[in-house]
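Notes to accompany the following structure.
The values are calculated or read from the model by the stated rules, or taken from the named source; none is laboratory data. What you see is a predicted model; the values in this text were computed from it and never measured. Positions of Cβ are backbone-derived with ideal geometry, glycine not excepted, and every protein chain shown enters the neighbour counts. When the accessible area is computed, the model is the full protein with side chains, heavy atoms only, and any ligands, DNA or RNA have been set aside. Shrake-Rupley method; radii C 1.70, N 1.55, O 1.52, S 1.80 Å.
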Amino acid sequence: MRLSYPANIKIIQVPCTGRVDIIHLMSALEDGADGVYVAGCLEGECHYLEGNYKAKRKVAYVKNVLTELGIEPERVAMYNLSSAQGARFAEIANDMVKQIRDLGPTPVR
Amino acid sequence: MIVADRKSLEEILGMVADREKILILGCKGCVTVCNVGGLKEAEILASTVRIARKKEGKPVEVAHRVLERQCDNEYVTQLADTVADYDAVVSMACGVGPQFLSEMYPDQVFFPAVNTTFFGGAVQHGVWEERCAGCGACGIHLFGGLCPIARCAKSLLHGPCGGSANGICEVHKDTACIWDAIVKKKMDTGHLEDLVAVKPFKDWRTARDGGPRRSIREELVKGNI
Ligand code: SF4
Ligand code: SF4
């Protein structure tokens, strides 16, 4: 499958989205990322049972922090897809990039 | 354990608004257990403060660290070498922590990042409830193991007030009337008559009413046993 997704996305691989911590999302934002999103497995299909649900709650936590700081919470997002959905992966990447472009650059510089 | 809630970001940011080098100091005791002021929370708060200040165009240096306990001078001394490197320290411990810190390091300013609320425990993940008010003369065995001093809004000792309705306290619709629970438990266990006994007046001097308290263990004062 030769699918293209935006080149300005930096992918960080983790064994399971349950490994993603609040501080990882925060650090990316602190270092000037315009947005961060977590791409986890489909709900109910986590190999470790609830890693993706935990990630979802962490994303929600960071959204709250951003709101409190007066920063658009949409800069952080959680998506769910299976590893077989390559086309969906590219689509999500494009959606996220569009969303962030609409918001403009991060106010954290 | 001692339970606390994190102060709002607005309040914390306001406290350190004019500071340029801050230490956020967590505690591995109660506040770690109630997920408010341990290493993880200190790290997140440090990052949050940096983000907020970057956004304002007033970047700040924020370090974070955690002590074993902030209510113990043995661990508070571990800050001796570095405490002067910061223009403010934000303590995430209960109210005891910043006081021990302030007493040991009078030249530094320590801001509390949490509001200390009560002695209690978690009744479900993420929900803590008050259980003890530290009255200094425990008598829970007289009430079926349920403390009316901490858990009745009026600290009544001889039965419910007239506001008890369907097990709910008149003071708040989300609060159980502990006297309803005490009476039910006594009925269920066949010991209702226990509650008829007139209890002597409670001597509140052992509680906060007697002023700040002190606990002295003579044998320990003399040395380790
Ligand atoms: S009787 Fe006093 S010491 Fe015992 S649980 Fe109640 S408040 Fe705490
Ligand atoms: S309703 Fe129950 S818990 Fe509330 S004040 Fe009255 S006796 Fe105490």
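A few remarks follow.
- Crossing angle, helix B:39-56 versus chain B [Cα axis fit, 0-90 degrees, rounded to tens]: 50
- Note on B:K185 and A:L42: the model spin-label points, each 7 Å out from Cα along the C-beta direction, lie 4.9 nm apart.
- For the protein assembly as shown, the share of accessible area belonging to carbon and sulfur comes to 53 percent (1.4 Å probe, ligands and nucleic acids excluded).
- Equivalent-ellipsoid semi-axes of the protein assembly as shown, from the Cα gyration tensor, Å, largest first: 46, 29, 17
- Approximating the spin labels as points 7 Å out from Cα along Cα→Cβ, the B:K199-to-B:T82 distance works out to 4.8 nm.
- Gyration tensor analysis over the Cα atoms of chain A returns equivalent ellipsoid semi-axes of 22, 18, 11 Å (largest first, whole Å).
- Helical segments meeting 24 Å axial Cα length and Kyte-Doolittle -1.0 threshold in chain A (DSSP H): A:51-68, A:86-103
- Accessible area per residue for the stretch A:17-103 is 52 Å², calculated with a 1.4 Å probe on protein heavy atoms, without ligands, DNA or RNA.
- The alpha carbon convex hull volume per residue for chain B rounds to 176 Å³.
- Each 10 Å bin from zero holds the following percent of Cα-Cα pairs in the stretch B:2-118: 15, 52, 30, 3.
- At least 50 Å² accessible surface lost relative to isolated chain, residues of the stretch A:59-74 (1.4 Å probe): A:E68, A:L69
- Area buried, chain A against chain B - accessible surface, total, 1.4 angstrom probe, square angstrom: 1400
- Centroid-to-centroid separation of the stretch A:76-109 and the stretch B:1-45 [C-alpha atoms, Å]: 32
- Cα-projected label distance for A:L3 with B:E129, points at 7 Å along beta-carbon direction, nm: 4.9
- Those lysines that a straight Cα-Cα span of less than 17 Å connects to B:K186, excepting residues fewer than 8 apart in one chain: B:K199
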